[in-house]
1. Do we have Asp246 as modelled with pLDDT under 90 and farther than 14 Å from Ile273 by Cα here?
2. Out of Asp359, Asp327, Asp317, Asp369, which single residue is in the same structural domain as Val438 (by TED's automatic domain parsing), under 28 Å from Ile572 (Cβ atoms) and in a loop (DSSP other than H, G, I, E, B)?
3. Being closer than 15 Å to Ile240 by Cβ, of a type in the set (A, V, I, L, M, F, W, C) and in contact (Cβ under 8 Å) with a residue 60 or more places away in the chain narrows it down to one of Val189, Val209, so name that one.
4. Of the residues Ser192, Ser180, Ser234, Ser188, which is touching a strand residue (DSSP E or B) at 6+ places or on another chain (Cβ under 8 Å), among the hydroxyl-bearing types (Ser, Thr, Tyr), within 21 Å of Phe101 (Cβ to Cβ) and in the same structural domain as Thr164 (by TED's automatic domain parsing)?
5. Can you tell me how many residues within the stretch 510-523 are under 16 Å from Val538 (Cβ atoms) and either more than 29 Å from the chain's Cα centre (by Cα) or in a loop (DSSP other than H, G, I, E, B) (or both)?
6. Looking at (1) assigned to a loop (DSSP other than H, G, I, E, B); (2) more than 28 Å from the chain's Cα centre (by Cα), which is the only condition Asp204 fails?
7. Inside the stretch 299-351, can you point out the residues that are in contact (Cβ under 8 Å) with a residue 40 or more places away in the chain, surrounded by fewer than 21 Cβ atoms within 10 Å (Cβ to Cβ), over 13 Å from Val590 (Cα atoms) and more than 20 Å from the chain's Cα centre (by Cα)?
8. Can you name every residue in the stretch 267-290 that is assigned to a strand (DSSP E or B) and of a type in the set (Ser, Thr, Tyr)?
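The values are calculated or read from the model by the stated rules, or taken from the named source; none is laboratory data. Small disclaimer: the values here were computed from a predicted structure and weren't measured. Neighbour counts are summed over all protein chains in view; Cβ atoms, including those assigned to glycine, are modelled from backbone coordinates with ideal geometry.
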Amino acid sequence: MSNNNGKTIVFRIRNNTITIWDLATGDKLRTFPLTGFNGQIFSVSISNDAKTIVVGGEEKTKVWDNDAKTFVSGSEDKTKVWDLATGDELGTFFGHNGAIFSVGISNDGKTMVSGSEDGTIKVWDVATGAELLTLIGPNDALDAIQTVSISNDGKTIVAGVGNTIKVWDVTTGAELRTLSGHEVGVMSVSISNDGKTIVSGSGDKTIKVWDLTTGAELRTLSGNETTVTSVSISNDGKTIVSVNFDNIIKVWDLATGAELYTLTEDERGRVSISNDGKTIFFVGKYKTKIWDLATGAELRTLPGYDSPIYSVSISNDGKTIVSGGYDETIKIWDLATGAELRTLTGHESTVNNVSISNDGKTIVSGSNDNTIKIWDLATGAELRTLTGHESTVNNVSISNDGKTIVSSGYDGIIKIWDLSTGAELRTLTGHERRVNSVSISNDGKTIVSSSNTIKVWNLATGAELHTLSGNESTVYTGFRISILSVSISNDGKTIVSGSSDGTIKVWDLATGEELRTLTGDESGVNNVSITNDGKTIVSSSYGNTIKIWDLETGAELRTLSGHEDSVYSVSISNDGKTIVSGSEDGTIKVWDLATGAELRTLSRSGLTVGNVGSLPRNATYTLYNPNTNEVSFRTVTYKNG
């Protein structure tokens, strides 16, 4: 998001900081630490004079003076005013009873409006911290307030309340009118500079243009196939920019409703137009992009969070870690020192999975670009690209003899490939949904795959041997939702699976019998691995933790905490002494399996950094609910399937 002078952009980065950038140069101007802000941050807004920043979140609302003099922080039931230079607390007042999802600030920087999950909208005096008005009571709204905006003259507040838009008088708090027409919740509202027009985006996939004075619906813009999460109007009132849940940005002519052009992003975010009407900017979780509004040409990209690590693998000699993630690269690391050895580029989208051959010479990767790539680990050279999947490749596995690759994808199929030639040997079909995970037995005879069921296959023939199903009418019962990961023990007798319902199940591979169920993290167990001796299970979860289990008894031995966000991948060294994990927080951590001690953290820069305590975030999926004066990051726990 930017302030109305179009010169400054604010972007929230990881580890509770706000970074301010110069839009013209892309230079980082300063970073503010969010001291005492322990919860998720959902919303940021800048005053027109660029002196005040307002941040809304799960536990606090903070207001900073851009000259670094004061800020306001608010918890679930109170807000505090602080002197930023001295740290002195200047005042306290009571506020929302829940997380603040949306904030807006008047052009003169004197008034703030906030919308909360408690169903209330509050108006505040920024200078004193006093609550001026509550516009909607906690019993009046069924839904959290996702979006609020203040008109340029500071007289009118517009907010999305359920599937309606409400308009209030700021001075009196009187509700002026309710605009009805959307069929599903309103996710974003924007007010034109002259205060005459409202534009709204909704879960019904439409954008509506309204006359603010009369409440009349002027037109409906269709063309989005998913929820419209963010809308913005240019100051001259001629152009609308929107983004939807599929990350498609559309530019519209407001007068005619014609779609002018489309831009595509690879992450969710919100959009806004600069005050001079020349620039579109998109604020996502991992980056900010700036385009020329007239031409759609990309002007620059500003970095955001460290990119999530979706997959990690340890070489058999225990010396090397390979990781893949959101930034489309594969990185090779020295396990002992944490040094980044090289970066492999070639994929055109997120790298979901990496696997190292037993001889340590080859890396295989699967990506959202629907391809599998084979790399030389020593040199980083790309050897070949395998195509055949019609959608995301989310898992790859290499046979012990290094001759065969097995891959799975969102297209619901499993493919078997010759590693040396890249030839596709066969395709296995039978899963009704996307295939989340594949594993090859040590003897190279058996494949196990998971979707909403677990299937066991003969690798040589492609024949399906049996199914462990979530349908309770079948012989093998267990899962009603997605099985996110499967692993086969070294002796080929046992399957371990992790599910989105938070359970880990142990199965007899030969018979399909369920031997036991372990209760893991309720947020969902997304990765499981078995030690070579078959005694221990290691699991990762969307709840930021890693758990170690006794396979035979099902007892939980210990929980490893330290990641700040979802842990997507775990790998165990051949000697069973070391665990490596990759996380949404952009880090790779190395752990001692026996003690649970964190040995080191590998950052994107390749530096080894100190231990970081776990934060109270249980987030795996980001929704954005903004208006023209906010960037909103709402993170909620979900379960795949």
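1. Numbers: modelled with pLDDT under 90: yes; farther than 14 Å from Ile273 by Cα: yes.
Answer is yes for this residue.
2. Details: Asp327 fails: in the same structural domain as Val438 (by TED's automatic domain parsing); Asp317 fails: in the same structural domain as Val438 (by TED's automatic domain parsing); Asp369 fails: under 28 Å from Ile572 (Cβ atoms).
Of the residues listed, the single one that is in the same structural domain as Val438 (by TED's automatic domain parsing), under 28 Å from Ile572 (Cβ atoms) and in a loop (DSSP other than H, G, I, E, B) is Asp359.
3. Numbers: Val209 fails: in contact (Cβ under 8 Å) with a residue 60 or more places away in the chain.
None of the other options fit; the residue is Val189.
4. Working: Ser192 fails: within 21 Å of Phe101 (Cβ to Cβ); Ser180 fails: within 21 Å of Phe101 (Cβ to Cβ); Ser234 fails: within 21 Å of Phe101 (Cβ to Cβ).
Criteria check complete, one pass: Ser188.
5. Residues that pass the stated criteria total 2.
6. Here Asp204 meets the rest and fails (2).
7. If the condition is that a residue be in contact (Cβ under 8 Å) with a residue 40 or more places away in the chain, surrounded by fewer than 21 Cβ atoms within 10 Å (Cβ to Cβ), over 13 Å from Val590 (Cα atoms) and more than 20 Å from the chain's Cα centre (by Cα), then Arg300, Asn316, Asp317, Glu340 are the ones that fit.
8. Narrowing the stretch 267-290 to residues assigned to a strand (DSSP E or B): 269-273, 279-284, 287-290.
Matches in the stretch 267-290: Ser272, Thr279, Thr288.
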